[in-house]
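Read the structure below first, then the notes.
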Amino acid sequence: MLLKTSEPISSSDLTAPSDLLPCSLIWRDHKLMVKLTSSKITLPATTNFSHLVECLKRSTIKAVRLDSKMNKSSLLWWAKACRNAGKDCYVSRPNLSTMKVTSRPYTLQLQANSSLRSRSLWDTVWNKLVALILLICSTPVIVTRFFLGMIGGKQISVQKKWAIGEQGKIFELFELTILNPSLDIPIPLTSGIIRHIPKLINVLRGDLNLFGSSPLCIDSSSQISSLAFNWRAKPGLFIKA
C-alpha cells in the first residue's frame, strides 16, 4: 500500500522539455505575464528549473499568468516552478476581445459586487466546514480501504494531477488511484464515492467547491482557447447535472 501525498522534485522536472516554447516576460501590477513569442531564442533563466524557481522566490510578484496558447509541457514547466517558489499560477483567459461586455450603472455595480463578495465568503465558509466534517467522518473508510488493498496485494495511493480552476488558477487535484501491476501505472478510481474523498483536501484549500462544474485537466489544455470552460465559477467536487 502506498500513500503518496507529496511529489518530490525528480530529475525530469529539472530538465527543460524539448518542446518548451520560447516566451517573453512582462512585469505588471505585481504579476508576471508570460507571453509566447515568435522568437526562437529562449531566455536562459526560463530553461533552468532551479534558476527559475530561485528568481521567482526572490521576486516581489504575487502571481504568474501564463499564455493560454501554451502547450502542455510549457504549462507544467511553469506550474511546477511556481509551486516550488510558493507563487500562484494562472492561465490567462483567452479571447477577451470576443466577449460581450454589458455596462451597468456604477451604483448598481457596487451593490452587485458587494452582494457577490458576501455570498462568496459564506459559500467558502460553508464548503470548507462541510468538507472538514466529511473528511473526518470518511477517514476510517479510506484507512480501511487501504488495509484491504494491502491485504489483496493492490497498491493504493493518493496521486496529484494538474488542473485549472476558477479564474484560470492552476492547482494540484488529489485523486485516489490503484497501481496496475501489469502496466505499472496508477489508474484513477472511476466508481464509488470513496474516489472523491482525497478531493476534500482541495475543497479545504479553496480550489474546489462541493458542487460545481468539472475542473479542466491540464491534459485537456487545448480546450482553453475554445472558451468551453467556465472561468468565473469555481469547479466542484460533485458535478452538477
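The values are calculated or read from the model by the stated rules, or taken from the named source; none is laboratory data. What you see is a predicted model; the values in this text were computed from it and never measured. Cβ atoms come from the backbone with ideal geometry, glycine included; neighbour counts cover every protein chain shown.
List of remarks:
- Residue match in segment 52-68 (condition: crowded, with 16+ Cβ neighbours inside 10 Å, among the polar types (S, T, N, Q) and part of a loop (DSSP other than H, G, I, E, B)): yes
- Pairs linking a residue in segment 197-211 that is farther than 16 Å from S120 by Cβ and at pLDDT 90 or above to a residue that is of a type in the set (S, T, N, Q) and not in a helix (DSSP H, G or I), with Cβ atoms under 9 Å and 6 or more positions apart or on different chains, are I201/T5.
Yes or no, residue by residue, for (1) under 20 Å from the mean Cα position of the chain (by Cα); (2) surrounded by 10 or more Cβ atoms within 10 Å (Cβ to Cβ); (3) among the hydrophobic types (A, V, I, L, M, F, W, C); (4) at pLDDT below 90:
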site	(1), (2), (3), (4)
C82	yes, yes, yes, no
C89	yes, yes, yes, no
T98	no, no, no, yes
R104	no, yes, no, yes
L110	no, yes, yes, yes
A131	yes, yes, yes, no
L134	no, yes, yes, no
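- Taken as a whole, the condition of being assigned to a helix (DSSP H, G or I), more than 28 Å from N84 (Cα to Cα) and at pLDDT below 90 applies to T144.
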